[in-house]
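Report on the following structure.
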Amino acid sequence: MSDSSVRIAGWGKYLPQRVVDNHELERMVDTSDDWIRARSGIVERRIAAPEETTCSMAVRAARPALDMAGVEAGELDLIIVATGTPDHPGFPATGSLVQEALGATRAGAFDVGAGCGAFGYGLVIGAQFILTGAQRNVLVVGSDAMSRVIDWRDRTTCVLFGDAAGAVVLRATDRPGGLLSFVLGSDGCGAPKLYVPAGGSKQPASHESVEARAHFLKMDGRDVFRFATRVIPGSILEALDRAGLTTADLDLVIPHQANIRIIEHARKKLELPPERVFTNVDKYGNTSSASIPVALCEALEQGRIVEGDIVAMCAFGAGLCWASAIWKWN
Ligand code: UT7
């Protein structure tokens, strides 16, 4: 039998050591532990040390994933880094930095930028390289140092995000299952709802842009909230339909961890019991591209996914964009 499927053969995560709880934020901006918990479900988040970067966190998540998969760095065909906070703006790709740090001498490397949806896109892209038969071992990492693009004076955003990385190793396999279906979507009308105004080619860095704090993330939280509550159930139902499945077949949903209220809303819409939706937003906040791979790791560590399970992942974010995928755990 030929290796005609793809499987997630290894996984790893990295959370920076420093824990910042809501009380620490109370001392920085006009907020309260009660407000943050009630409106987002977040209790604490991790913040990268000054010397840590998106690349260094990605490498620390990738190494255990490679070990678990039994893949040497030198056997990797491709490295995809999903991130919105690359080490350098534009180039080089953080993927190339990760490739060098791992010693993945045979691998191609690039970044996928799709806001908090990037890991969802990266996972589907990586799987395609394997499903076409072109490649056998692909590393997909979601890594974001959100603390570097957050305006620590803006209480409407700074309480929501955290830093982390998560990684998976995709391998060709003859075990049936793997990626059953996916839905990728974008609604660029929503671009101004969640963006970093300056530092790109549209508004290069200048004294004025720095003074205007235009290098920090800006978000219209209410509109992004509405978008998210529509797109999670909508895209998961569409992906299930493409796989010939229904919500009754779902063993676990791993949604992007942005806000417990968004997740609860989606869970009710999908008519799923709480135990079939994974959440860890309380511990890490919104870690952007790292959110789904870190949640996947923790779900696996907790034994919440076993062979044969049907798992839905749904990433969404700036763009606005979304990426949902249905996997049969093989
Ligand atoms: O990864 C993808 C992207 N992001 C998301 O998915 C985030 C989506 N949005 C959200 O999660 C929610 O909209 C937020 C958590 C950002 C905000 O929750 P909300 O229930 O939509 O609150 P709101 O924006 O309607 O603000 C309510 C009030 C406002 O005061 P007024 O105008 O009613 O007087 C805000 O100024 O809460 C105020 N507020 C705060 N108060 C204390 C906003 N941020 C804070 C804060 N502490 N940190």
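The values are calculated or read from the model by the stated rules, or taken from the named source; none is laboratory data. No experiment lies behind these values; they were computed from the predicted model shown. We place every Cβ from the backbone using ideal geometry, glycine too, and count neighbours over all the protein chains shown.
Out of all the residues in the stretch 257-272, is one or more in contact with a helix residue (DSSP H, G or I) (Cβ under 8 Å, 6 or more places away or on another chain), more than 12 Å from the ligand (Cβ to nearest atom) and of a type in the set (K, R)? Before you say what the answer is, go through the steps one by one.
Of the residues in the stretch 257-272, the ones in contact with a helix residue (DSSP H, G or I) (Cβ under 8 Å, 6 or more places away or on another chain) are 257-263, 265-267, 269-272.
So of that shortlist, the ones also more than 12 Å from the ligand (Cβ to nearest atom) come out as 267, 269-272.
Of the ones still in play, those that are also of a type in the set (K, R) are 267, 269.
Within the stretch 257-272, one or more residues are in contact with a helix residue (DSSP H, G or I) (Cβ under 8 Å, 6 or more places away or on another chain), more than 12 Å from the ligand (Cβ to nearest atom) and of a type in the set (K, R).
Looking at the stretch 314-326, is at least one residue away from the ligand (no atom under 16 Å from the Cβ), over 18 Å from N259 (Cα atoms) and at pLDDT 95 or above? Quick ask: steps written out before the conclusion?
Taking the stretch 314-326 as the starting set, the residues that turn out to be away from the ligand (no atom under 16 Å from the Cβ) are 325-326.
Add one more test, that the residue is over 18 Å from N259 (Cα atoms), and what stays is 325-326.
Filter once more, so that each one left must be at pLDDT 95 or above: 325-326.
Within the stretch 314-326 (the criterion being away from the ligand (no atom under 16 Å from the Cβ), over 18 Å from N259 (Cα atoms) and at pLDDT 95 or above), the answer is yes, since at least one residue qualifies.
When the stretch 159-184 is examined, which residues are found to be within 27 Å of D282 (Cα to Cα) and among the charged types (D, E, K, R)?
D163
So the check is Cβ under 9 Å with 6+ separation or different chains; which pairs have a first residue in the stretch 305-330 that's at negative phi and a second one that's among the acidic types (D, E) and within 16 Å of the ligand (Cβ to nearest atom)?
Close Cβ pairs satisfying both conditions: L320/D187; L320/D223; C321/D187; W322/D187.
Return the only residue of I305, I236, I232, I262 being over 27 Å from L25 (Cα atoms), in contact with a Pro (Cβ under 8 Å, 6 or more places away or on another chain) and outside any strand (DSSP E or B). Spell out how you get there, then give the answer.
Working: I305 fails: in contact with a Pro (Cβ under 8 Å, 6 or more places away or on another chain); I236 fails: in contact with a Pro (Cβ under 8 Å, 6 or more places away or on another chain); I262 fails: over 27 Å from L25 (Cα atoms).
Of the residues listed, the single one that is over 27 Å from L25 (Cα atoms), in contact with a Pro (Cβ under 8 Å, 6 or more places away or on another chain) and outside any strand (DSSP E or B) is I232.
Could you count how many residues in the stretch 6-35 are part of a strand (DSSP E or B) and in contact with a Gly (Cβ under 9 Å, 6 or more places away or on another chain)? Walk me through how you get there before you give the answer.
Let us first name the residues in the stretch 6-35 that are part of a strand (DSSP E or B), namely 6-14, 18-21.
If we keep only those that are in contact with a Gly (Cβ under 9 Å, 6 or more places away or on another chain) as well, we get 6-14, 20.
The number of residues fulfilling the criteria is 10.
On the given criteria, is S143 within 16 Å of the ligand (Cβ to nearest atom), in contact (Cβ under 8 Å) with a residue 40 or more places away in the chain and out of contact with any helix residue (DSSP H, G or I) (no Cβ under 8 Å at 6 or more places or on another chain)?
Values: within 16 Å of the ligand (Cβ to nearest atom): yes; in contact (Cβ under 8 Å) with a residue 40 or more places away in the chain: yes; out of contact with any helix residue (DSSP H, G or I) (no Cβ under 8 Å at 6 or more places or on another chain): no.
Against the criterion (within 16 Å of the ligand (Cβ to nearest atom), in contact (Cβ under 8 Å) with a residue 40 or more places away in the chain and out of contact with any helix residue (DSSP H, G or I) (no Cβ under 8 Å at 6 or more places or on another chain)), S143 does not qualify.
Determine whether the stretch 72-95 contains at least one residue that is among the aliphatic types (A, V, I, L, M), assigned to a helix (DSSP H, G or I), in contact with a strand residue (DSSP E or B) (Cβ under 9 Å, 6 or more places away or on another chain) and farther than 18 Å from A164 by Cα. Walk me through how you get there before you give the answer.
Keep residues of the stretch 72-95 that are among the aliphatic types (A, V, I, L, M), which gives 73, 76, 78-82, 93.
If we keep only those that are assigned to a helix (DSSP H, G or I) as well, we get 73.
Those still in the list that are in contact with a strand residue (DSSP E or B) (Cβ under 9 Å, 6 or more places away or on another chain) too: 73.
Restricting the remaining residues to those that are farther than 18 Å from A164 by Cα gives 73.
Yes, some residue in the stretch 72-95 is among the aliphatic types (A, V, I, L, M), assigned to a helix (DSSP H, G or I), in contact with a strand residue (DSSP E or B) (Cβ under 9 Å, 6 or more places away or on another chain) and farther than 18 Å from A164 by Cα.
For the stretch 265-296, enumerate the residues that are in contact (Cβ under 8 Å) with a residue 40 or more places away in the chain and part of a loop (DSSP other than H, G, I, E, B).
Hits for the stretch 265-296 are T279, G285, T287.
Of the residues that sit in the stretch 36-62 and are assigned to a helix (DSSP H, G or I) and among the aliphatic types (A, V, I, L, M), which one is nearest to the ligand (Cβ to nearest atom)?
Step one: of the stretch 36-62, the residues assigned to a helix (DSSP H, G or I) are 36-40, 54-62.
So of that shortlist, the ones also among the aliphatic types (A, V, I, L, M) come out as 36, 38, 57-59, 61-62.
Numbers: I36: 6, A38: 9, M57: 18, A58: 19, V59: 24, A61: 19, A62: 23 Å.
The selected residue is I36.
Looking at G185, G166, G162, can you tell me which residue is within 16 Å of the ligand (Cβ to nearest atom), under 30 Å from G133 (Cα atoms) and assigned by TED's automatic domain parsing to the domain that holds R45? Lay out the reasoning, then the answer.
Details: G185 fails: assigned by TED's automatic domain parsing to the domain that holds R45; G162 fails: under 30 Å from G133 (Cα atoms).
Within the list G185, G166, G162, the selection yields G166.
Residue-by-condition table, conditions (1) within 23 Å of E51 (Cα to Cα); (2) in contact with a strand residue (DSSP E or B) (Cβ under 8 Å, 6 or more places away or on another chain); (3) acidic (D, E):
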| residue | (1), (2), (3) |
| --- | --- |
| A134 | no, no, no |
| S147 | yes, yes, no |
| L184 | no, yes, no |
| C189 | no, no, no |
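Specify the residue that is nearest to Y14 (Cα to Cα); the eligible residues are those in the stretch 95-145 that are touching a Lys or Arg at 6+ places or on another chain (Cβ under 9 Å) and of a type in the set (A, V, I, L, M).
The qualifying residue nearest to Y14 (Cα to Cα) is L102.
Please determine whether any residue of the stretch 223-235 is within 16 Å of the ligand (Cβ to nearest atom), among the small types (G, A, S), modelled with pLDDT of 95 or more and over 18 Å from V277 (Cα atoms). Full working, then the answer.
We begin by selecting, within the stretch 223-235, every residue within 16 Å of the ligand (Cβ to nearest atom); these are 223-235.
Now drop any that are not among the small types (G, A, S), which leaves 228, 234-235.
Checking which are modelled with pLDDT of 95 or more leaves us with 228, 234-235.
Subsequent filtering for residues that are over 18 Å from V277 (Cα atoms) retains none.
Among the residues of the stretch 223-235, not one is within 16 Å of the ligand (Cβ to nearest atom), among the small types (G, A, S), modelled with pLDDT of 95 or more and over 18 Å from V277 (Cα atoms), which makes the answer no.
Of all residues in the stretch 250-298, which are polar (S, T, N, Q) and surrounded by fewer than 22 Cβ atoms within 10 Å (Cβ to Cβ)?
To start, the set of residues in the stretch 250-298 that are polar (S, T, N, Q) comprises 257, 259, 279-280, 286-289, 291.
Once the filter is applied, which keeps residues that are polar (S, T, N, Q) and surrounded by fewer than 22 Cβ atoms within 10 Å (Cβ to Cβ), the stretch 250-298 yields T279, N280.
If you go through the stretch 169-178 one residue at a time, do you hit one that is within 16 Å of the ligand (Cβ to nearest atom) and touching a Phe, Trp or Tyr at 6+ places or on another chain (Cβ under 8 Å)? Break it down stepwise before answering.
Step one: of the stretch 169-178, the residues within 16 Å of the ligand (Cβ to nearest atom) are none.
No: zero hits.
When you scan the stretch 110-128, do you find a residue that is closer than 30 Å to R39 by Cβ, more than 12 Å from the chain's Cα centre (by Cα) and either outside any strand (DSSP E or B) or modelled with pLDDT of 95 or more (or both), even just one?
no
Considering G199, G178, which residue is farther than 23 Å from S291 by Cα and out of contact with any Cys (no Cβ under 9 Å at 6 or more places or on another chain)? Reasoning before the result, please.
Numbers: G178 fails: farther than 23 Å from S291 by Cα.
Answer to the check: G199.
Among the residues of the stretch 161-183, is any in a loop (DSSP other than H, G, I, E, B), within 30 Å of S40 (Cβ to Cβ) and in contact (Cβ under 8 Å) with a residue 12 or more places away in the chain? Step through it out loud before you land on a result.
Quick first cut of the stretch 161-183, residues in a loop (DSSP other than H, G, I, E, B) only: 162, 174-177.
Subsequent filtering for residues that are within 30 Å of S40 (Cβ to Cβ) retains 162.
Okay, now just the ones that are also in contact (Cβ under 8 Å) with a residue 12 or more places away in the chain, so 162.
Scanning the stretch 161-183, I find at least one residue that is in a loop (DSSP other than H, G, I, E, B), within 30 Å of S40 (Cβ to Cβ) and in contact (Cβ under 8 Å) with a residue 12 or more places away in the chain, so the answer is yes.
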